[in-house]
Amino acid sequence: KVLMPLDVLQVEKYNLELVSTFCYQHFATLTLMYVIDPDIMPRRFRVLNKSNIEVMKLIKIGKNQLNEIAMNIRSNHDIIIDNIVQIGDEGKEICDFAVKKRYNLIVLPSPFLINHKMLTHEESMTILRHAPCPVLLIPPA
């Protein structure tokens, strides 16, 4: 099981091709993950609960983008692809999800972008330190 966090608006085709080929060759499932950072949302939307309509719209947009990316991958490789949208701190959400679902590998493009910003050294180190499995960093193409 491979987990690949993405910024849905800054997707590198090279990274997707590399990871999807890896999954195909190793009969692995791929989960695409988009983490919505509450710090980038306007103050009035920061109450993060299911009743907040704006938050639900962001989740739906993220899911739609991930579904579109998954369809493009499936057109080239016959692999199982899931997707998930989470809200919270990127490093913590990625590691917690990997623990909960028992992932075998986390793939991070380097430099890793989420929500149009590069993960800080601290956020990247959180993932590297707390990941329950190996982390593969993909260098820039």
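The values are calculated or read from the model by the stated rules, or taken from the named source; none is laboratory data. No experiment lies behind these values; they were computed from the predicted model shown. As a convention, Cβ positions derive from the backbone with ideal geometry for all residues, glycine included, and neighbour counts pool all protein chains shown. In case anyone asks, the SASA skips ligands and DNA or RNA and just uses the protein heavy atoms, side chains included. Shrake-Rupley method; radii C 1.70, N 1.55, O 1.52, S 1.80 Å.
Got a sec? Which of Leu48, Leu136, Leu66, Leu58 is in a loop (DSSP other than H, G, I, E, B) and either more than 22 Å from Tyr14 (Cα to Cα) or at pLDDT 85 or above (or both)? Checking each option against the conditions leaves just Leu48. Does any residue of the range 74-82 turn out to be open to solvent by 70 Å² or more (accessible area, probe 1.4 Å), in a strand (DSSP E or B) and at pLDDT 90 or above? Taking every residue of the range 74-82 in turn, at least one turns out to be open to solvent by 70 Å² or more (accessible area, probe 1.4 Å), in a strand (DSSP E or B) and at pLDDT 90 or above. Among the numbered conditions (1) modelled with pLDDT of 80 or more; (2) farther than 22 Å from Arg129 by Cβ; (3) more than 14 Å from the chain's Cα centre (by Cα), the only one that Val99 does not meet is (2).
Suppose we keep only residues that are among the basic types (Lys, Arg) and either within 17 Å of the chain's Cα centre (by Cα) or closer than 17 Å to Val2 by Cα (or both) within the range 50-73. Which one would you say is least open to solvent (accessible area, probe 1.4 Å)?
First pass over the range 50-73, keeping only residues among the basic types (Lys, Arg): 50, 57, 60, 63.
Within this subset, residues satisfying the condition of being either within 17 Å of the chain's Cα centre (by Cα) or closer than 17 Å to Val2 by Cα (or both) are 60, 63.
On the way: Lys60: 132, Lys63: 71 Å².
Filtering the range 50-73 for residues that are among the basic types (Lys, Arg) and either within 17 Å of the chain's Cα centre (by Cα) or closer than 17 Å to Val2 by Cα (or both), the one least open to solvent (accessible area, probe 1.4 Å) comes out as Lys63.
Within the range 12-33, residues that are on the phi < 0 side of the Ramachandran plot and of a type outside the set (A, V, I, L, M) reach partners that are surrounded by 15 or more Cβ atoms within 10 Å (Cβ to Cβ) and assigned to a helix (DSSP H, G or I) with beta carbons closer than 8 Å, at six or more positions or on different chains, in the pairs Ser20/Ile73; Thr29/Cys23.
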